[in-house]
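A short write-up of the structure that comes next.
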Amino acid sequence: MRADLVLLHAPSVYDFRKRTIMYGPMSDLVPSTPIFEMYPIGFLTMANYLKKKGIKVRIVNLAYRMLKDNEFDAEKFISRLDASAFGIDLHWLPHAQGSLEVARLVKKYHPGTPVIFGGFSASYFYQELINYDQVDYILRGDSTEIPLAMLMQAIKHNDGSSLERIPNLVYRQDKEVKANPLSCISTDLEEIDFDYTVMFDMALRYLDVKSLMPFSDWLRYPITTIPVVRGCNYNCSGCGGSATAFKDFAHRQKPAFRSPRRLVAEISEIGKYINAPVFILGDINQNGREYVEEFFGQAAGLPSGIQIFFEFFQPPENWFFDRAHSIFKNVLYEISPDTHDSSIREAMGKPRFTNQQLMECIKYALGKGAVRFDLYFMTGLPGQDKQSVLDTVDFCQDIYQHLNWDPRFMPFISPMAPFMDPGSRAFAQPHKFGYSLTRTTLAQHVEAITQPSWKYILNYRSQAISNDDLVQSTYQAALGLNLLKGRAGSISSHVMEENERRIEKAMEVMGQIDAAMGMEDEEAREVCLDKLKQASDSYSMSTVCEKKELEFPLFNRGFNWFRIISKVLFKK
């Protein structure tokens, strides 16, 4: 069936099934695999908004289809699609190669059909991106629902004269690039809906459930996400979603927070159809206590057994945990201090808090019945040397001791990889933060993501640590945290042993790739890399931890198929 707009999500590297790429721990701490098959949450908001405007949208997760079925012919599938326009996300920079290759294939089989790009990275690199032949339009910024609806109306009615009136739009006209003002910047997000039931409609309309899967293991672990905010109050140096980055690529001067009433209504609506964890994306405390209290007041009407995640950018005050405990029985918290070293946190521009405050926060939250508290660390930070990375293990041991080895505490570590985010302060001023950039253009990042291991993919070098030491210390710290979690009972002895085996094997494979890269004979090098294909794939998944460690404890799930079918058939 023909759609007005097909939203295509590409794998990070289009021909990942053929290439030898040791992605390592780049995706270990997110639900998706290393090909980043999880499409952006914006697909959902755009589909919902366009649906209200009478525009039929189809989501196609090509990355998922290619990952789950080695026989799936993506090119043939693309050739058979029928649409007035195709939308492709270049939200995360690791998709630079895959998104452009998918766009090339769309143009090969549908030469007269417009291709629209959008997302953070597309917005940042728009001046370079628009010069690719397979790109017709780019919608910049973080608020593209309204401009996309306007563009789709122009495309459907073949109204080229209206293009100049569409905000945020970049296009070519008579071989000249036009960049309309980036003036659509939502301030209250009232036009944004995270209504997951739009997926049910698509499944029936196009008889294609597989293409709608958000990520590889979603049917087994159907976690849903409710974002709180667009923009950020904080300015962490390497973050492409920081205050500086939003000002740069989206012209957003301050964050826009969604209404607590809308947040709770969406959580309630999801619960009617899917019994699964809900992740509140963004630190709800950024907007102050009054906003949080309003959320808790609204949430008091939710089922108390709901499984819910909260993330923090800094330790909240105790009253937050008191209120959460009074409403939710099953709540998980997570915070990313990134490092135990307060001087590095300060250099990064992270919110100021002491390690003692962090430990007391975790202890209080667990005392208030939290089912778990996760802590996320990162390697490759400004001024962070090898010893500082390794000291992360000692710091986490101190926390375990402070908590009497409570197994509900879970620390994780991963590298700042594959790329330092474009738009971040460190990308704009690398020397200020102790870096040099090895890739700065979109084309250079397209080439980089196909390199044979994450050590060679990185777009930065730190003055404080070599790439070799960065790789080794990341794996060594992961081994140390794995032992701590095993000792505390946070993970089983079997999981601990399997993690250790995978980490050690991953380090071995990295060494073999290094040896191959040192070969002067290009043909011999390619032969050697081809032989490492299976091993690199095997040890790029759940490397520094078992991916299931990220899942909600006491997890249960269920789909209310009666309600889902009724929703689709009766539209009410």
Q: Read through the list (1) open to solvent by 20 Å² or more (accessible area, probe 1.4 Å); (2) not in a loop (DSSP other than H, G, I, E, B), then give the number of the only condition that residue 445 fails.
A: (1)
Q: Give the number of residues within the range 73-119 that are touching a helix residue (DSSP H, G or I) at 6+ places or on another chain (Cβ under 6 Å), among the aromatic types (Phe, Trp, Tyr) and open to solvent by 20 Å² or more (accessible area, probe 1.4 Å).
A: 1
(Q) Looking only at the range 476-513, count every residue that is touching a strand residue (DSSP E or B) at 6+ places or on another chain (Cβ under 8 Å) and part of a helix (DSSP H, G or I) and tell me the total. (A) 10
Q: Scan the range 362-382 for residues that are farther than 23 Å from residue 546 by Cα and either within 25 Å of the chain's Cα centre (by Cα) or open to solvent by 10 Å² or more (accessible area, probe 1.4 Å) (or both) and jot them down.
A: 363, 364, 367, 368, 369, 381, 382
Q: From (1) outside any helix (DSSP H, G or I); (2) open to solvent by less than 20 Å² (accessible area, probe 1.4 Å), pick out the condition that doesn't hold for residue 19.
A: (2)
Q.
Which pairs turn up if I take residues in the range 433-461 that are without any contact (Cβ under 8 Å) to a residue 24 or more places away in the chain and look for partners that are open to solvent by 10 Å² or more (accessible area, probe 1.4 Å) and outside any helix (DSSP H, G or I) with beta carbon separation below 7 Å, at least 6 apart in sequence or on another chain?
A. 438/461
Q: Just need a number here: residues in the range 235-261 that are touching a residue at least 60 places away in the same chain (Cβ under 8 Å), open to solvent by less than 30 Å² (accessible area, probe 1.4 Å) and in a helix (DSSP H, G or I).
A: 4
Q. Before we move on, is residue 145 touching a Phe, Trp or Tyr at 6+ places or on another chain (Cβ under 9 Å) and either among the aromatic types (Phe, Trp, Tyr) or open to solvent by 20 Å² or more (accessible area, probe 1.4 Å) (or both)?
A. no
Q | Condition broken by residue 331, with the remaining ones in (1) closer than 21 Å to residue 411 by Cβ; (2) touching a Leu at 6+ places or on another chain (Cβ under 9 Å); (3) among the aliphatic types (A, V, I, L, M) satisfied | A | (2)
**Q.** Positions within the range 383-408 being open to solvent by 10 Å² or more (accessible area, probe 1.4 Å) and either part of a loop (DSSP other than H, G, I, E, B) or modelled with pLDDT under 95 (or both), in sequence order
**A.** 383, 385, 403, 404, 405, 406, 407, 408
Q: Would you be able to tell me the number of residues in the range 34-82 that are outside any helix (DSSP H, G or I) and among the polar types (S, T, N, Q)?
A: 2
Q. What residue, among those in the range 167-185 that are polar (S, T, N, Q) and open to solvent by 10 Å² or more (accessible area, probe 1.4 Å), is farthest from residue 287 (Cα to Cα)?
A. 173
(Q) Looking only at the range 513-531, filter to residues that are surrounded by 18 or more Cβ atoms within 10 Å (Cβ to Cβ) and of a type outside the set (Gly, Ala, Ser); which one of those is farthest from residue 481 (Cα to Cα)? (A) 528
Q) Within the group 428, 477, 417, which residue is at pLDDT below 95 and of a type outside the set (Phe, Trp, Tyr)? A) 417
Q.
Please pick out the residue among 24, 54 that is over 24 Å from residue 278 (Cα atoms), free of Cβ contacts under 8 Å to residues at least 60 places away in the same chain and not hydroxyl-bearing (Ser, Thr, Tyr).
A. 54
Q. Restricting attention to the range 331-351, which residues are at pLDDT below 95 and in contact with a strand residue (DSSP E or B) (Cβ under 6 Å, 6 or more places away or on another chain)?
A. none
Q.
residue 465 - would you say it is β-branched (Val, Ile, Thr), touching a residue at least 12 places away in the same chain (Cβ under 8 Å), closer than 25 Å to residue 17 by Cα and open to solvent by less than 20 Å² (accessible area, probe 1.4 Å)?
A. no
Q | The listed residue being in contact with a Ser or Thr (Cβ under 7 Å, 6 or more places away or on another chain), within 30 Å of residue 387 (Cβ to Cβ) and among the hydroxyl-bearing types (Ser, Thr, Tyr), out of 542, 473 | A | 473
Q: Kindly indicate whether any position in the range 276-286 is open to solvent by 50 Å² or more (accessible area, probe 1.4 Å) and not hydroxyl-bearing (Ser, Thr, Tyr).
A: yes
Q. If you scan the range 481-508, which residues turn out to be acidic (Asp, Glu) and free of Cβ contacts under 8 Å to residues at least 40 places away in the same chain?
A. 497, 500, 504, 508
**Q.** So residue 542, is it under 24 Å from the mean Cα position of the chain (by Cα), open to solvent by 30 Å² or more (accessible area, probe 1.4 Å) and either farther than 15 Å from residue 23 by Cα or not β-branched (Val, Ile, Thr) (or both)
**A.** no
Q.
Being without any contact (Cβ under 8 Å) to a residue 60 or more places away in the chain and basic (Lys, Arg) is the filter here; which residues of the range 57-111 pass it?
A. 76, 80, 104, 107, 108
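The values are calculated or read from the model by the stated rules, or taken from the named source; none is laboratory data. Note that the structure is predicted; figures quoted are calculated from it, not measured. Neighbour counts run over all protein chains shown; Cβ positions are idealised from the backbone, glycine included. Areas reflect the complete protein model, heavy atoms only, side chains present, ligands, DNA and RNA absent. Shrake-Rupley method; radii C 1.70, N 1.55, O 1.52, S 1.80 Å.
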